[in-house]
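Participant: Sharing a structure here in structure tokens format.
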Amino acid sequence: MDPVTLATIILLGGIVVGIAIGLPVAISMGLPSALAIVVLLGWDGAALTSAQRLFTGSNSFALLAIPFFILAGGLMNTGGIATRLIDLAQVIAGRLPASLAQTTVVANAMFGAVSGASVASAAAVGSVMSPPMRKAGYDPNFSAAVNAAASPAGMLIPPSNTFIIYALVSSSSIAALFMAGIGPGLLWALVCIIMVAVYARKRPELKAAERPTVKQALVVLVRALPALLMIVIVIGGILQGYFTATESAVIAVLYSLVLGLAQRTLPVRALPGIILEAGKTTAIVMLLIGVSNILAWVLSAARIPELVADSLLGLTDNKTLILIIIMIVLLLAGTVMDPTPAILIFTPIFLPVVVELGVSPIHFGTMMVFNMSLGNISPPVGNNLFVAARVGKVRIEPMIGRVMPFFWALTLALFVVAFVPQLSLWLPEVMGLTAVTP
């Protein structure tokens, strides 16, 4: 057996076995990659190449945006911003059927827009909304399911750490990806609103809330304005060219910190814990990125992306069929992998295929992130499921049954994202964001 074939078997087989037996994803990716390099270059060459790739994969200025956005999300979550956004969401969704559930959907979309973290959104919104929903007679499993299903909108609506990772792997514009995610993110929230409305038709006792007075609505809006202003500053600054995505993340941290301290909702004693937690999350993400760079070297050396492209294009030249095959693979991968490693692994494999078919890397990025967002609400690895179950104080098994109608409806929405490219590309094109470098 020639070394390239043996290295390919070790790489792909090792990743599958590692994930199947429950090894940490970084080990499941890194160990087979290193062993494959040993086959190709020998022990000395493998040690040197692995170390170099591990360092160069993490040595990027754009990557600094990730720890700062993670820290900003932690500051906002602890600093009471979530509560103010939930109050505003209740004013917006209060007249819809099953208004508390609709508020959960709108609040998740809004909190995701200021934090970029779907898990943090599920924790923050769920902890506030679960008690009143239980008191109002909502099925606790349904309440937790709505929270789980709605929270991944934060992975699509900017700022989004997931888009930053995809941008680095694909050499795409972070600003263009941020704008491209708005349409699919709003579609995600709309689908959840429709599904809640369908549920409300079977439960007429779950009525809309009382309409707030104009004065009450203005008070809520004024209280929420500082949080909403952060979206304008961060995203507007990037689009106007005042600062990069990395610099905007630093501004988001500073803004969240000053806002929380000024409003006396962020205890100073909580800061060390928030910073430590952000550091832990960042360490995990950066290790995955470094290890994925080793994996990318092996993929390139073994010509796996070219082989996959030749196989798919040899199977059929039908663009629609190839995109469906890719989406099915990504959907299946999303059920057993977190978004970050999935994007790091599959982008180098599938991006050359779709580019050959004339698909924009920006459009494909929104398809991938939408796919990975679905993975966050599907068993057995869906992080948002476990967080929503924990804050909703329900068992995850019965809750999954309530989530699945949302999952299938959102899967249909994925096909809309895939086959209506202007949903993703219209805003970037209008704003002239056609660059392909981060």
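The values are calculated or read from the model by the stated rules, or taken from the named source; none is laboratory data. Everything numeric here is computed off the predicted structure, so don't read it as measured data. Here the Cβ is made from the backbone with ideal geometry for all residues, glycine too, and neighbour counts use every protein chain on show.
Participant: Which condition does Leu332 not pass, out of (1) closer than 19 Å to Ile19 by Cα; (2) in contact (Cβ under 8 Å) with a residue 24 or more places away in the chain, if it passes all the others?
Facilitator: (2)
Participant: Something else now. Looking only at residues that are in contact with a helix residue (DSSP H, G or I) (Cβ under 8 Å, 6 or more places away or on another chain) and free of Cβ contacts under 8 Å to residues at least 40 places away in the same chain in the range 29-69, which one is farthest from Leu6 (Cα to Cα)?
Facilitator: So in the range 29-69, the residues in contact with a helix residue (DSSP H, G or I) (Cβ under 8 Å, 6 or more places away or on another chain) come out as 29-41, 45-46, 49-50, 53-58, 60-69.
Now narrow it down to the ones that are free of Cβ contacts under 8 Å to residues at least 40 places away in the same chain: 31-32, 35, 38-39, 41, 45-46.
Details: Leu31: 15, Pro32: 11, Leu35: 10, Val38: 11, Val39: 7, Leu41: 13, Gly45: 17, Ala46: 15 Å.
Among residues in the range 29-69 that are in contact with a helix residue (DSSP H, G or I) (Cβ under 8 Å, 6 or more places away or on another chain) and free of Cβ contacts under 8 Å to residues at least 40 places away in the same chain, the one farthest from Leu6 (Cα to Cα) is Gly45.
Participant: Within the range 36-44, is even one residue buried (at least 24 other Cβ atoms within 10 Å of the Cβ) and not assigned by TED's automatic domain parsing to the domain that holds Leu276?
Facilitator: The initial filter retains those residues of the range 36-44 that are buried (at least 24 other Cβ atoms within 10 Å of the Cβ), namely 36-37.
Filter again for not assigned by TED's automatic domain parsing to the domain that holds Leu276, leaving 36-37.
Looking for residues that are buried (at least 24 other Cβ atoms within 10 Å of the Cβ) and not assigned by TED's automatic domain parsing to the domain that holds Leu276, one finds at least one in the range 36-44, hence yes.
Participant: Might you let me know whether the range 25-35 holds any residue that is over 26 Å from the mean Cα position of the chain (by Cα), under 26 Å from Ser171 (Cβ atoms), assigned to a helix (DSSP H, G or I) and of a type in the set (Ser, Thr, Tyr)?
Facilitator: no
Participant: Next question, about the same structure. Take the residues in the range 233-261 that are among the β-branched types (Val, Ile, Thr) and modelled with pLDDT of 80 or more, then tell me which one is farthest from Leu433 (Cα to Cα).
Facilitator: Val258
Participant: Val119 versus (1) hydrophobic (A, V, I, L, M, F, W, C); (2) in contact with a Phe, Trp or Tyr (Cβ under 6 Å, 6 or more places away or on another chain); (3) under 14 Å from Gly382 (Cβ atoms): which is the lone unmet condition?
Facilitator: (2) is the only condition that Val119 fails.
Participant: Would you confirm, using the coordinates I've provided, whether Phe178 is in a loop (DSSP other than H, G, I, E, B) and of a type in the set (A, V, I, L, M, F, W, C)?
Facilitator: Criteria not met by Phe178.
For every residue, the table says whether it meets (1) of a type outside the set (D, E, K, R); (2) in contact (Cβ under 8 Å) with a residue 60 or more places away in the chain; (3) over 30 Å from Asn77 (Cα atoms); (4) in the same structural domain as Ser50 (by TED's automatic domain parsing).
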residue	(1), (2), (3), (4)
Ile274	yes, yes, no, no
Ala283	yes, no, no, no
Asn293	yes, yes, yes, no
Val308	yes, no, yes, no
Leu313	yes, no, yes, no
Asp317	no, no, yes, no
Leu321	yes, no, yes, no
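Participant: Just checking, does the range 65-85 include any residue being buried (at least 17 other Cβ atoms within 10 Å of the Cβ), modelled with pLDDT under 80 and not assigned by TED's automatic domain parsing to the domain that holds Met155?
Facilitator: Within the range 65-85, not a single residue is buried (at least 17 other Cβ atoms within 10 Å of the Cβ), modelled with pLDDT under 80 and not assigned by TED's automatic domain parsing to the domain that holds Met155.
Participant: Further question on the same structure: Residues of the range 360-381 being out of contact with any Pro (no Cβ under 9 Å at 6 or more places or on another chain) and assigned to a loop (DSSP other than H, G, I, E, B), which ones?
Facilitator: Ser378, Pro379, Pro380, Val381, listed by residue number.
Participant: Does the range 369-383 contain at least one residue that is buried (at least 20 other Cβ atoms within 10 Å of the Cβ), over 16 Å from Cys192 (Cβ atoms) and at pLDDT 90 or above?
Facilitator: Within the range 369-383, one or more residues are buried (at least 20 other Cβ atoms within 10 Å of the Cβ), over 16 Å from Cys192 (Cβ atoms) and at pLDDT 90 or above.
Participant: Might you let me know whether the range 183-201 holds any residue that is part of a loop (DSSP other than H, G, I, E, B) and within 25 Å of Pro226 (Cβ to Cβ)?
Facilitator: No, that holds for no residue.
Participant: Might you let me know whether the range 88-95 holds any residue that is closer than 20 Å to Asn384 by Cα and either touching a helix residue (DSSP H, G or I) at 6+ places or on another chain (Cβ under 6 Å) or part of a helix (DSSP H, G or I) (or both)?
Facilitator: Checked the range 88-95: no residue is closer than 20 Å to Asn384 by Cα and either touching a helix residue (DSSP H, G or I) at 6+ places or on another chain (Cβ under 6 Å) or part of a helix (DSSP H, G or I) (or both).
Participant: Now, a different point. Would you say Phe386 is touching a residue at least 24 places away in the same chain (Cβ under 8 Å) and either touching a Ser or Thr at 6+ places or on another chain (Cβ under 9 Å) or not hydroxyl-bearing (Ser, Thr, Tyr) (or both)? Spell out how you get there, then give the answer.
Facilitator: Numbers: touching a residue at least 24 places away in the same chain (Cβ under 8 Å): no; either touching a Ser or Thr at 6+ places or on another chain (Cβ under 9 Å) or not hydroxyl-bearing (Ser, Thr, Tyr) (or both): yes.
Here the answer is no, as Phe386 does not meet what is asked.
Participant: Still on this structure, I have one more. Scan the helices (runs of 4 or more DSSP H) fully inside the range 222-317 and keep the ones with 3 or more residues being hydroxyl-bearing (Ser, Thr, Tyr) and surrounded by 15 or more Cβ atoms within 10 Å (Cβ to Cβ).
Facilitator: Values: elements: 245-262, 271-301, 304-315.
In the range 222-317, the matching helices (runs of 4 or more DSSP H) lie at 245-262, 271-301.
Participant: Taking only the range 384-404 into account, find how many residues are modelled with pLDDT under 85 and either under 19 Å from the mean Cα position of the chain (by Cα) or of a type in the set (S, T, N, Q) (or both).
Facilitator: The number of residues fulfilling the criteria is 4.
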